[in-house]
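Student: Just dropping this structure here.
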Amino acid sequence: MKLSPSILSADFANLARDVKMVEECGVEYLHIDIMDGQFVPNITMGDNVVKALRPITKLTLDVHLMVVNPERFIEDYANAGADILTIHQEATPHLHGALQKIRNAGMKAGVVINPATPVSSIQHVLHLTDQVLIMTVNPGFGGQTFLSECLEKVTEVAKIREEKGYSFDIEVDGGVDDKTISACKKAGANVFVAGSYIYNAKSPQERINALREGLR
Ligand code: DX5
Ligand code: ZN
């Protein structure tokens, strides 16, 4: 079970401090949300931020690309030091090729689907995938309400993994807190992104402990 705090809710004026803080709290991944103002309405950061964070943390950099035609940027994120690069099924007509390209660039390849997108839309690329991300909110903003209807897709993709003998991780992103995390785990997820729940708190350590509690 892996926790992946999303720095979208961190203090951007103190990013290094906020990254080191969650690392000291004992999390496994760091989730970095890249938004282009086109695939989603918001604009956040780019590969320059990944590059700046790489030398200051040992955490696995779990980069979530919410950009149109993500295949344009694969080399940039590899050079910046991303460990996992996750791209949206909805963002490219060349998903298969893009996932191959991510692996060839030396990163783990992730594929992500929005709440309205069915698991069947990624069934033919699952063999090229190291991590499947099931969005549990509509992408674009932190702090939204968890969409429990997405959990049936977690179960569905876990079932396919078992049937086909694949070994990808299953990640959930959006609205994860000490309560919703248990249902995510039960559905079959093993990587949990949490942004506002961890960072918009007086004690992120207590929040991380509560998430671990929810996984027991
Ligand atoms: C939303 C992002 C999420 C976001 C989650 O588009 O992909 O990673 O940071 O934020 P919370 O945990 O606050 O829902
Ligand atoms: Zn994300």
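Taken together, the values in this text are just the output of simple stated rules run on the coordinates, not laboratory data. Everything numeric in this text was worked out from a predicted model, so none of it was measured. Virtual Cβ from ideal backbone geometry, glycine too; neighbours counted across all protein chains shown.
Student: Please get the size of the charge dipole for the chain, origin at its Cα centre, with Cβ charges of +1 on Lys and Arg and -1 on Asp and Glu, quoted in debye to the nearest 20.
Tutor: 320
Student: Which of Lys159/Lys186; Lys20/Lys108; Lys58/Lys186 have a Cα-Cα distance over 20 Å?
Tutor: The pairs that break the limit, which is 20 Å between Cα atoms, are Lys20/Lys108; Lys58/Lys186.
Student: How long are the semi-axes of the equivalent ellipsoid of the chain, defined as square roots of 5 times the Cα gyration tensor eigenvalues? Whole Å, largest first.
Tutor: In descending order, the three semi-axes are 24, 21, 15 Å.
Student: Order these peptides, 77-89, 2-14, by their mean beta-carbon neighbour count within 10 angstrom, highest first.
Tutor: 77-89, 2-14
Student: Below 8 Å, C-alpha to C-alpha, sequence gap of six or more: please give me the relative contact order for the range 2-94 in percent. Walk me through the intermediate numbers first.
Tutor: Values: 155 pairs, mean separation 24.4, N = 93.
Computed value for the range 2-94: 26 percent relative contact order.
Student: Pull up the DSSP beta bridges for the chain and report the antiparallel fraction as a percent, rounded to 5.
Tutor: 5
Student: Let me ask another. Using packing as a proxy for protection, rank 44-56, 184-196, 149-161 so that the peptide with the highest average count of other Cβ atoms within 10 Å comes first.
Tutor: 184-196, 149-161, 44-56
Student: Ignoring everything except DSSP H segments at least 4 long, calculate the 222 nm mean residue ellipticity for the chain; use -39,500 (n - 2.57) per segment, divide by total residues, nearest 500.
Tutor: -9000 deg cm²/dmol
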